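Accompanying notes for the structure given below.
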Amino acid sequence: MVAMPYILVNLVLDLFSLALFSMTSVALLSRSRFVSRWLPAQLRGRPTLTLIVTQGLVLAVLSIVAMWVVSQLRYVSIFSLPFFDGLFFIGALNCVVLAYQFLDKRYFLSMPKVPRRLLIALCSTVLTGIPLLAIVIAVVGLFVIK
């Protein structure tokens, strides 16, 4: 027998992982040359429309993949699959990449190249790891009744 609070924790964390993955993927994709090359000229000049179209494409592909996984495993609920765990870790890695890109452009510019890159990698990992860990702890703390 599975306790109800753990099902709620899984549902909330699965929804959070979906949002984290889609938003960070869109942030990385909207800045890439690949997306700007394939979008029509009317959308390339408007960053808001580019963001909306890219978000729609990411969510459409993600929903197609999720439905394919569900169709392959008919008797397993999608919320119990490691699919969302994978999305969470990919979203976390995307967050680290975004933080690295942000710090690389603005901070530690006077340092030598190798120590600077190591320091930026460490800072971006810590800056994204602590909030993600805090969110997971908060969700588990809210829904698990002792």
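List, please: which pairs have Cβ atoms under 6 Å, are six or more places apart or on different chains, and start with a residue in the range 25-44 that is buried (at least 17 other Cβ atoms within 10 Å of the Cβ) and at pLDDT 70 or above and end with one that is hydrophobic (A, V, I, L, M, F, W, C) and assigned to a helix (DSSP H, G or I)?
Pairs found: Ser25/Val58; Val26/Val58; Ala27/Leu98; Leu29/Val35; Ser30/Leu51.
From the set of residues in the range 102-121 that are among the aliphatic types (A, V, I, L, M) and surrounded by 11 or more Cβ atoms within 10 Å (Cβ to Cβ), which is modelled with the lowest pLDDT?
Per the stated criteria, the residue is Met111.
Can you name the residue in the range 103-113 that is of a type outside the set (Ser, Thr, Tyr) and touching a residue at least 12 places away in the same chain (Cβ under 8 Å) and is also farthest from Leu11 (Cα to Cα) among such residues?
Phe108
Return the pair list, or none, for Cβ contacts closer than 9 Å from residues in the range 114-136 that are over 28 Å from Leu11 (Cβ atoms) and basic (Lys, Arg) to residues that are assigned to a helix (DSSP H, G or I) and modelled with pLDDT under 85, at least 6 apart or on different chains.
From residues that are over 28 Å from Leu11 (Cβ atoms) and basic (Lys, Arg), the pairs are Arg116/Asp104; Arg117/Asp104.
For residues in the range 1-13 being at pLDDT below 80 and buried (at least 17 other Cβ atoms within 10 Å of the Cβ), which is nearest to Val58 (Cα to Cα)?
Only one residue tops the list, namely Asn10.
The values are calculated or read from the model by the stated rules, or taken from the named source; none is laboratory data. Just so we're clear, the structure is a prediction, and the values are computed from it rather than from any experiment. With ideal geometry, Cβ positions are generated from the backbone for all residues, glycine too; neighbour counts draw on all protein chains shown.
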